[in-house]
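A.B. asks: Submitted below is the structure of interest, expressed as structure tokens.
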Amino acid sequence: MVWSTAGSFALFNILIMLYLLRTGCLQALLVVFFCGAQTMAQNKPVLGNDAEKFHASLSRYFSSAQQEQEMLTRLLDTVAKFHADSQWSRENLAGRLEQYQRLLVSLKRHYVYRRLCAMRNTKDTSEQAHVSVVSDKVSLLQSFVNSALQQPVITAINPADWEKLRLTKFAWLLQQARELAAHLPSVHDQEIVNRIGNPIYNSFIDRYDRLMDEVKAEPVTTPEGKLLEPLKNRSAIYRHKDATVRAAGAAAYYKAYEQHQEVIAATLVNIAVQGTALAKQYGYKSATERMYAKRLQLPEESVKEMLQGMTQYADVLKNFQQVQAANAQKITGVEKVHSWDLSVPSGYTAPVQTFEEARQTMLRALAPLGETYTSHFAWLMDPGNGGLEIAGGKNRLTENTSVGFPGVPVSLYMTGYNGETRSTLVLIHEGGHAIHQQLMTEGTTVPSYSAGPAFLNEAFAMFNELLLLDEWTKSSENVAAKAFYTQSFASYLATEIFTSAEEGTFEQAVYDGVANGTVYTWQDVDRVYGQVMKQYDYFFADEPVRHGEWINKRLLFDDPVYNITYLYAVLVACKLYDMVHADPADFAVRYTALLKNGFDAPAATLLKKFMGFGLDREALLNAALDLMRKKTKDLQSLYAQMP
């Protein structure tokens, strides 16, 4: 076996993306050793000879910064007048809601423009301040309208009269207003939350981020005499051919974070306490109840049942881990394989793609979605149309996202595109969000209906990733390549299904424990984490150094109660994947209609109406777990063919 140490490793980068961007933590158990050197992107002109064309055209929003400022000043005056007019009645309701939609679209145009400017240059703090100003105006406008819709004269309107009053298209908006009446603060209370509550909450998040920036680790010395810093060089350590280096690196990595465990645990408790306090301002019992309702449209008990039921499928994950461990043992010769031994590369080189090569690959992958979808995606991927902000540069925000709104041009932002496997997965994912916005612009009559539960938005984007992984696997020219992409696919499923379940269960237990007084110290948090991980993880019980692994799961702190979103998202994505392979032509018609429709009903209703399935837990789980079982079986067969 030839050990490859040059370059970056494609699969490792995929999992770095999944863990560092999502959780901030690379659990080595899913970082598989079957990753070969990937040629560094700078050796290939990935974006061609004119990288500047890969910056989004801001003139699609406003002709100049001066025009944007002048128009915003006039817009805010109009918004203020809208707020000042408190006369809402049966007769003027349709007109007021039409005006509200126009104001919302106009504010969103300014928000997208200013956010793009801020992401391009994080050193310019004034740009971020401008984003916050517009964001607050959007929030206050929405609160004002929601409050107005609670007026007795409005709630007394009989739904039978909606058509006569030209309110039919606003039916879902009115229905939501009624259902959410108990969770809407007054405009005055919302201002207090904006001025006091949110800053306190955000201060705990900022504290965590500052602490994480201060973490330092003792370097590890390799047999060659080279010093490797475990935080900055973790991938190099885990790829090292010497097992003692890998073990020492893992121990040093976790020890570095343990030094701050007391303060970080206190921060997590603070976030849980303050999150619940804010939730109660919106009429919820807890932060978890509020977030599940907002992001999943599900009651807390339903989510708890899902999390509790997931443990019975832990064998699916453990089987995958055991297949990985057996292959790692074959390659490394290590008698007892640990999670940090799974990253050792086999030497396979995954090619870096130019942007044009990646564009063609993505369009082939998305072909089953039909002409409408692929033509929109092709438009977005043409840099001449000004929708791509992926060229990179100094002082850019480290984030990958898409921005847009019905009636507002979409843009896809990446810190930078480098042609590696991970980077292309990000591109097709964020492109999925952007195309969804474009299709809703064409299909929805009420711009507000572009806002839906986070898990369904994520499901559509993750579905794109599954199709890309599928295309790479099918087009592989040899066993080594096919095994690489099959393993990538299986690792993706393992992460999104089981890491989501682990993290969702852990987070729920922490919030419950904080509420009932059983979680207060770092030892309490450690205990809860260990209880969860021992149910799922093949390696965890024999790796005590990982007890504080939760410390580096950034979403717990930076975006609390979001991890569970990925579980529901991947379940829907896997169901879509199963359907598109069964009948591509029929699927394309129905899926396009679903995306264009927007969110004018609950997620379960929309899925049932357009795709023929709802959110039945067992049906969704069966599709996803069957797919993972198949990929694990395929991978085991391919490994058997490897020397």
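The values are calculated or read from the model by the stated rules, or taken from the named source; none is laboratory data. Since we're looking at a predicted model, the values are computed, not measured. Glycine gets a Cβ as well: all are built from the backbone with ideal geometry, and neighbour counts include every protein chain shown. These area figures cover heavy atoms from the full protein model, side chains too; ligands, DNA and RNA do not enter into them. Shrake-Rupley method; radii C 1.70, N 1.55, O 1.52, S 1.80 Å.
A.B. asks: Expressed as an acute angle from 0 to 90° and rounded to the nearest 10, what is the orientation of the C-alpha long axis of helix 421-443 relative to the principal long axis of the chain?
C.D. replies: For 421-443 against the chain, the angle is about 20 degrees.
A.B. asks: Still on this model: Given a 1.4 angstrom probe, what's the average accessible area per residue across the chain, in square angstrom?
C.D. replies: Accessible surface, normalised per residue, equals 40 Å².
A.B. asks: May I pose another question? Once the Cα atoms of helix 314-332 and of the chain are each reduced to a long axis, what angle between those two axes, in degrees from 0 to 90 to the nearest 10, is obtained?
C.D. replies: The angle comes out at about 40 degrees.
A.B. asks: If packing is taken as the mean number of other Cβ atoms within 10 Å per residue, what is the order of 554-561, 420-427, 261-268, highest first?
C.D. replies: Top to bottom by mean Cβ count within 10 Å: 420-427, 554-561, 261-268.
A.B. asks: Per residue, what volume in Å³ does the Cα convex hull of segment 275-367 take up?
C.D. replies: Dividing the Cα hull volume of segment 275-367 by its residues yields 235 Å³.
A.B. asks: A further question on this structure: P(r) of segment 290-337 in 5 Å steps, Cα pairs, percent per bin?
C.D. replies: 5, 18, 15, 11, 10, 11, 10, 8, 8, 4
A.B. asks: Over all alpha-carbon pairs in segment 322-396, figure out the percentage whose distance exceeds 18 Å.
C.D. replies: Counting pairs separated by more than 18 Å, the tail of P(r) holds 63 percent.
A.B. asks: Sticking with this structure for a sec: Find how many whole Å separate the alpha carbon centroid of segment 221-251 from the alpha carbon centroid of segment 283-297.
C.D. replies: For segment 283-297 versus segment 221-251, the Cα centre distance is 43 Å.
A.B. asks: What angle, in degrees between 0 and 90 and rounded to the nearest 10, separates the Cα long axis of helix 198-213 from the longest principal axis of the Cα atoms of the chain?
C.D. replies: 20 degrees
A.B. asks: Next up: Under the rule of -39500 (n - 2.57) per DSSP H run of 4 or more residues, summed and divided by the residues of the chain, what mean residue ellipticity at 222 nm is obtained, to the nearest 500 deg cm²/dmol?
C.D. replies: -19500 deg cm²/dmol
A.B. asks: Using alpha carbon centroids, what distance separates segment 358-381 and segment 469-515, in Å?
C.D. replies: 24 Å
A.B. asks: Compare Arg102, Arg178 by solvent-accessible area with a 1.4 Å probe and give them largest first, with all protein chains kept in place.
C.D. replies: Largest accessible area first, the residues go Arg102, Arg178.
A.B. asks: How would Leu58, Leu439 rank on accessible area, largest to smallest, probe 1.4 Å?
C.D. replies: I get Leu58, Leu439, largest accessible area first.
A.B. asks: Between Asp382 and Met642, what FRET efficiency comes out of the Förster formula 1/(1 + (r/R0)^6) with R0 = 35 Å and r the beta carbon distance, rounded to 0.05?
C.D. replies: E between Met642 and Asp382, to the nearest 0.05, is 0.30.
A.B. asks: Let me ask something additional. For the chain, what is one quarter of the convex hull surface built on the Cα atoms, given in nm²?
C.D. replies: In nm², the orientation-averaged hull projection of the chain is 28.0.
A.B. asks: Here's a follow-up. For Arg210 and Lys330 in one chain, what is 0.36 nm times their gap in residues minus the Cα-Cα distance, to one decimal in nm?
C.D. replies: 39.0 nm
A.B. asks: Where does segment 103-145 land on the Kirkwood hydrodynamic radius, alpha-carbon pairs, in angstrom?
C.D. replies: 10.5 Å
A.B. asks: When the gyration tensor of segment 440-525 is built from Cα positions, what are the square roots of 5 times its three eigenvalues, in whole Å, from largest to smallest?
C.D. replies: Sorted largest first and rounded, they come to 35, 27, 6 Å.
A.B. asks: Express in Å², to the nearest 10, the accessible area of Thr401 obtained by rolling a 1.4 Å probe over the protein heavy atoms while all chains stay in place.
C.D. replies: 20 Å²
A.B. asks: Taking only the Cα atoms of segment 488-643, how large is their convex hull per residue, in Å³?
C.D. replies: 163 Å³
A.B. asks: At q = 0.12, 0.14, 0.21 Å⁻¹, what is the log10 ratio I(q)/I(0) for segment 331-470, with the Debye formula run over Cα points and no solvent?
C.D. replies: Rounded to two decimals, the profile gives -0.56, -0.71, -1.33.
A.B. asks: Considering all projection directions equally, how large on average is the shadow of the alpha-carbon convex hull of segment 113-235, in square nanometres?
C.D. replies: If I average the Cα hull's projected area over directions, I get 13.3 nm².
A.B. asks: Leaving out ligands, DNA and RNA, and with a 1.4 Å probe, what % of the accessible surface on the chain is carbon or sulfur?
C.D. replies: Carbon with sulfur: 51 percent of the solvent-accessible area.
A.B. asks: Here's a follow-up. For Glu179, Glu229, Glu163, write out the residues from largest to smallest accessible area, computed with a 1.4 angstrom probe and no ligands counted.
C.D. replies: Output order, biggest surface exposure first: Glu163, Glu179, Glu229.
A.B. asks: On to the next question. Compute the convex hull volume of the Cα atoms of segment 537-620, divide it by the residue count, and report the result per residue in Å³ as a whole number.
C.D. replies: Spread over its residues, the Cα hull of segment 537-620 gives 143 Å³ apiece.
A.B. asks: Based on the mean of other beta carbon atoms within 10 Å per residue, what is the order of 441-451, 584-594, most packed first?
C.D. replies: Listed from highest to lowest mean packing, they are 441-451, 584-594.
A.B. asks: Then there's this: What value does segment 389-487 have for Rg/Rh, both radii from Cα atoms and Rh as Kirkwood defines it?
C.D. replies: Ratio of gyration radius to Kirkwood radius: 1.06.
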